[in-house]
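The values are calculated or read from the model by the stated rules, or taken from the named source; none is laboratory data. Owing to the predicted nature of the structure, the values given are computational and were not obtained by experimental measurement. Neighbour counts are summed over all protein chains in view; Cβ atoms, including those assigned to glycine, are modelled from backbone coordinates with ideal geometry.
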């Protein structure tokens, strides 16, 4: 599903670029006619929202499969010595005795 998701994402990006171009052209036309720039047309706004929805949908399709994050799954990869080494209780104070004279 990743290639389909990427294709949908690229389509959404192209639609968003078209939305930006349409907005620019609309505002340029209003400026040339000396009309006030009060709002963007509804069809351009809908096009931007469709682009957003397409991009989100493409991202969901392109995402890799979720992995299991349970303790049992983690212990399949590691040993108990790696997981229960308790490095927080290790004392390294004795290593500086020759340097600091303690």
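When 34, 84 are checked against the criterion of being loosely packed, with under 11 Cβ neighbours inside 10 Å and modelled with pLDDT of 85 or more, a single residue qualifies: 34. Reported count of residues in the range 3-44, each being farther than 21 Å from residue 56 by Cα and in contact (Cβ under 8 Å) with a residue 24 or more places away in the chain, is 1. Being touching a residue at least 60 places away in the same chain (Cβ under 8 Å) and surrounded by 10 or more Cβ atoms within 10 Å (Cβ to Cβ) is a property that residue 62 has.
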